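Report on the following structure.
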Amino acid sequence: MNRTNHSKNLHDTAYQTYLQSVKTLCPATTEDELAFLNSGLSITQLEAKHFYIHAQSLQSQIGYVYRGLLRSFYVDAEEKDITVNFISEGRFVTHYSALISGKPSRYHFQCLEPSVIVNLSYSHIQKGYSLFSHLDRYGRLVAEEVLKAQQARIESFLFHSAEDRYKQFIHDHPSLFQRVSVSHLCSYLGIERQSLTRIRKKLMHLSV
């Protein structure tokens, strides 16, 4: 298979995977609506350590991870980067509130693995909302999913211990456990490496 055919097959497969996710979230979506969405899609392929979004940049599109893994982070006053999220296959890459308000992103989004991302033009999506009722519903459902994830993240620090946050991460993201570094995981959980080591030893002892 030559490179052109390989690239076309990758694009087609990635697009179909995304469109199927639309249909799964909003089953009433019609073929015409899916075709409209498809006409506004593009692909970005990035190597590990490359950035999909830089902090302080404006976003013109939403990314859907077809393959790979990214993390979002910000840099604090002490020049330390703080991981706030991991984005794997089937999830969206965007600082959503900044996107819809037209403000610069507060976060960097960097690939931890080689990644293939389906891009959804925000202007195209907005046009779809005005033209198709089911796409408008789809947009609301996506916003609800983003809001629920953000609320769960906030409440994990307000109401749960570091151990609870670790156990919840393992429960919610079992496939990511071997894909993220200890330093990034500690940053995400808001704990020191020594604390994570103690938590792991305690849980291993309890499971014996």
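The values are calculated or read from the model by the stated rules, or taken from the named source; none is laboratory data. None of these values were measured; they are calculated from a predicted model. Please note: Cβ atoms are built from the backbone with ideal geometry, for glycine as well, and neighbour counts cover all protein chains shown. Each accessible area value is taken on the protein alone, full model and side chains, heavy atoms only, with ligands, DNA and RNA left out. Shrake-Rupley method; radii C 1.70, N 1.55, O 1.52, S 1.80 Å.
Can you tell me how the range 116-208 classifies by the Cα gyration tensor, rounded, prolate or oblate, using a/c under 1.5 as the rounded cut?
The shape class here is prolate.
I'm spelling it out carefully: the read-out is Rg and Dmax of the Cα atoms in Å, the candidates are (1) 19.8, 59; (2) 18.7, 58; (3) 17.0, 55, and one was derived from this structure. Which label?
Computed from these coordinates, Rg and Dmax of the Cα atoms in Å corresponds to label (2).
Please label the shape of the range 75-124 as rounded, prolate or oblate, based on the square roots a ≥ b ≥ c of the eigenvalues of the alpha-carbon gyration tensor (a/c under 1.5 means rounded; beyond that, a/b larger than b/c means prolate, else oblate).
oblate
Between the range 1-72 and the range 114-168, how many Å separate their Cα centres?
15 Å
Once you have a ≥ b ≥ c as the square roots of the Cα gyration tensor eigenvalues for the range 1-72, tell me rounded if a/c is under 1.5, and otherwise prolate or oblate according to whether a/b is larger than b/c. Walk me through the numbers before you get to the answer.
Working: a/c = 2.05, a/b = 1.24, b/c = 1.65.
It comes out oblate by the Cα gyration axes.
For the ranges 56-63, 150-157, 23-30, what's the packing order if you count other beta-carbon atoms within 10 Å of each residue, average per peptide, and put the highest first?
With the highest mean Cβ count within 10 Å placed first, the list reads 56-63, 23-30, 150-157.
What would the Debye equation give as log₁₀ I(q)/I(0) for the range 24-135 at q = 0.17 Å⁻¹, counting only Cα atoms as equal point scatterers?
Here the Debye-derived log intensity ratios amount to -0.85.
Which of the trypsin sites (Lys or Arg not before Pro) across the range 29-128 are loop residues per DSSP, with 11 or fewer other Cβ within 10 Å?
Taking the range 29-128 and a limit of 11 other Cβ atoms within 10 Å, the loop trypsin sites (Lys or Arg not before Pro) found are Lys49, Lys80.
Taking the solvent-accessible surface of protein heavy atoms with a 1.4 Å probe, what is the per residue accessible area of the range 12-146 in Å²?
50 Å²
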